[in-house]
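What follows is calculated from the coordinates using simple rules that are stated; it is not laboratory data. Since the structure is predicted, the reported quantities are computational estimates derived from the model, not experimental observations. Heads up, the Cβs are rebuilt from the backbone with ideal geometry, glycines too, and the neighbour counts pull from every protein chain shown.
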Amino acid sequence: MYRLTERNRAIGEMFSSIAPTYDLLNRILSLGADRKWRSAAVASMVPPAGGRHLDFATGTADMALEILRQKGGRAVVAGVDISMEMMRIGREKCRKTGWRERVSFLRAPGEDLPFRDGVFDSACVAFGIRNVADRERGLREMCRVVRPGGRVVVLEFSTPRGAVFGALYRFYFTRLLPRIGGWFSRRAAYAYLPESVLAFPRPEIFSGMMRAAGCSSVAHVPLSFGIVTLYVGER
Ligand SMILES: C[S@@+](CC[C@H](N)C(=O)[O-])C[C@H]1O[C@@H](n2cnc3c(N)ncnc32)[C@H](O)[C@@H]1O
């Protein structure tokens, strides 16, 4: 059994403290692009309609809701997270859409998922794997619970490489974003965001980690000039 580490707890508490303004800041800081990124990630999950899906580090359930939107009335989602406060907001959003009974929320660490092997058609994680204390173990768990032939889909920030755009983006990300975050929420949390993104492995390295965790093949696609990378693994 996995015990929550100090780091797990600190990360969970940080997300609980920013939960009330999390969605608003996502829209502002990404200029609305986060919806488009989630939509592209869900489009790469199988099957095209219906299915059982895992939303790992579900947070306020934006991915879970996008899955239900795209996959229609027969799809069901399990959302797992360590922050009760993020999931409380997610649960409320699902209730408002009338889809509450199609998403089950569970508080569990992604490093120790409370599911049997191969029970999901696809598993996704959006902007969550970067925060998972034992990333390799989290990826192995995602692979374990997806059936052979299913998909493991990861959406994560990356660092654009072009000399001009890369430099402009780094300025926005490391200087402006923490300041804007601080106006609406806890500045420390929005200083952690660029730090953790800059420390995240490059797409080629992270694809290798997904293969090592149990994906038979992995494709990675840059979105919005490489601000975000979409990883699609075959199980
Ligand atoms: C940036 S939010 C992403 C939320 C959501 N997936 C989205 O697309 O907006 C990261 C989430 O990861 C969760 N998290 C961090 N470490 C985790 C872990 N070890 N297991 C499960 N969830 C974790 C946090 O509580 C937080 O809700």
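Would you compute, from DSSP H runs of 4+ residues alone, the mean residue ellipticity of the chain at 222 nm, taking -39500 (n - 2.57) per run and dividing by the full residue count, rounded to the nearest 500?
Result for the chain: -14500 deg cm²/dmol, rounded to the nearest 500.
Provide the per-residue ³J(HN,Hα) series for segment 108-120, in order, calculated from phi with Karplus coefficients 6.51, -1.76, 1.60 and θ = phi - 60°, each as a whole number of Hz, with x at glycine and proline positions.
Result, ordered by residue: 7, x, x, 6, 8, 6, x, 9, 6, 4, x, 7, 10 Hz.
Relative contact order of the chain, please, whole-number percent, based on alpha carbon pairs below 8 angstrom and at least 6 residues apart.
20
Could you check how many percent of all C-alpha pairs in the chain are farther apart than 21 Å?
Distances greater than 21 Å cover 54 percent of the Cα pairs.
Kindly identify segment 136-235 as rounded, prolate or oblate by the Cα gyration tensor criterion: order the square roots of the eigenvalues as a ≥ b ≥ c, call it rounded if a/c is under 1.5, otherwise compare a/b with b/c, prolate if a/b is larger, else oblate.
prolate
Quick one: net charge around Arg235, please, counting Lys, Arg +1 and Asp, Glu -1 for every other residue with C-beta under 15 Å from its C-beta.
+3
Using Cα springs under 10 Å in a Gaussian network model of the chain, which residue among Ser207, Ser224, Ser17 shows the largest mean-square fluctuation?
Ser224
How big is D for segment 48-125, in µm² s⁻¹ as a whole number, if Stokes-Einstein is applied with the Kirkwood radius of its Cα pairs at 20 °C and 1.002 mPa s?
Once the numbers are plugged in, D ends up at 176 µm²/s.
Using DSSP, restrict attention to beta bridges with both residues in the chain and report what percent are antiparallel, rounded to the nearest 5.
Within the chain, antiparallel bridges account for around 40 percent of the total.
Find the eigenvalues of the gyration tensor of the Cα atoms of segment 92-139, then list the square roots of 5 times those eigenvalues as equivalent ellipsoid semi-axes, largest first, in whole angstrom.
Calculated on Cα positions only, the semi-axes equal 23, 14, 10 Å.
Roughly how many Å is it from the Cα centre of segment 31-57 to that of segment 181-200, as a whole number?
Taking the Cα centre of each part, segment 31-57 and segment 181-200 sit 24 Å apart.
Hydropathy first: keep DSSP H helices in the chain averaging at least -1.0 on Kyte-Doolittle, then drop any whose Cα extent along the axis falls short of 27 Å, and list what survives.
Taking the DSSP H segments of the chain (at least 27 Å long, mean hydropathy at least -1.0), we get 6-29.
Give the value in nm², to one decimal: projected area of the alpha carbon convex hull of segment 1-116, averaged over all directions.
About 7.5 nm², averaged over all directions.
Is there a quick way to get the dipole size of the chain? I mean about its Cα centre, with the Cβ of Lys and Arg at +1 and of Asp and Glu at -1; what is the value in debye to the nearest 20?
That gives a dipole near 400 debye.
Using 0.36 nm per residue of separation minus the Cα-Cα distance, give me the extension gain between Ser39 and Leu223 in nm, one decimal.
That pair, Ser39 and Leu223, stretches by 65.1 nm at full extension.
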